[in-house]
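Everything on this sheet refers to the single structure shown next.
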Amino acid sequence: MNPTQKVKTKAVLSTILLAVYVGALILTAGQFIATKSGSFLGMRQLDVLKLKARYGLIMLALIAVHLTLNLDLLKNELKALGR
């Protein structure tokens with residue numbers, strides 16, 4: 001993979017990860033709302049919780065790919081901490 005493709009891939013992945021993160025924040029707020037009022041956007045609390053769990057699994061996979069793509073950067077950062 002050439003450097004330009006790698007940067008574009010990282011940018012797309014970061015954008016998707018950010019969008020999923022915002023969705024998880026909204027679902028977290030929705031879970032509290034559903035607890036108080038009984039529903040959030042037409043979903044019961046259990047439905048919101050199930051959707052939130054799926055979002056969590058997607059985020060874990062995206063984070064693993066993100067860390068893999070940025071492994072060199074992570075190694076350099078860990079070396080800097082060790083000094």
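Data table
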{"item": "Residue identified as touching a strand residue (DSSP E or B) at 6+ places or on another chain (Cβ under 9 Å) and either surrounded by 11 or more Cβ atoms within 10 Å (Cβ to Cβ) or on the phi > 0 side of the Ramachandran plot (or both) among ALA24, ALA29", "result": "ALA29"}
{"item": "Test: residue in segment 8-19 that is farther than 21 Å from MET59 by Cα and out of contact with any His (no Cβ under 7 Å at 6 or more places or on another chain)", "result": "no"}
{"item": "Sole residue being exposed (fewer than 12 other Cβ atoms within 10 Å of the Cβ) and farther than 30 Å from GLN5 by Cβ, chosen from ALA53, ALA64, ALA34", "result": "ALA53"}
{"item": "Matching residues, segment 67-82, being within 16 Å of LEU17 (Cα to Cα), out of contact with any Lys or Arg (no Cβ under 6 Å at 6 or more places or on another chain) and surrounded by 11 or more Cβ atoms within 10 Å (Cβ to Cβ)", "result": "LEU67, ASN70"}
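Condition check ((1) more than 12 Å from the chain's Cα centre (by Cα); (2) outside any helix (DSSP H, G or I); (3) not basic (Lys, Arg)) across all residues:
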{"site": "GLN5", "(1), (2), (3)": "yes, no, yes"}
{"site": "SER14", "(1), (2), (3)": "no, no, yes"}
{"site": "VAL20", "(1), (2), (3)": "no, no, yes"}
{"site": "LEU27", "(1), (2), (3)": "yes, no, yes"}
{"site": "ALA64", "(1), (2), (3)": "no, no, yes"}
{"site": "LYS75", "(1), (2), (3)": "yes, no, no"}
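Taken together, the values in this text are just the output of simple stated rules run on the coordinates, not laboratory data. From a predicted model like this one, the values you see are computed outputs, not experimental measurements. Methodologically, a virtual Cβ is constructed for each residue, glycine included, from the backbone with ideal geometry; neighbour enumeration extends over all protein chains shown.
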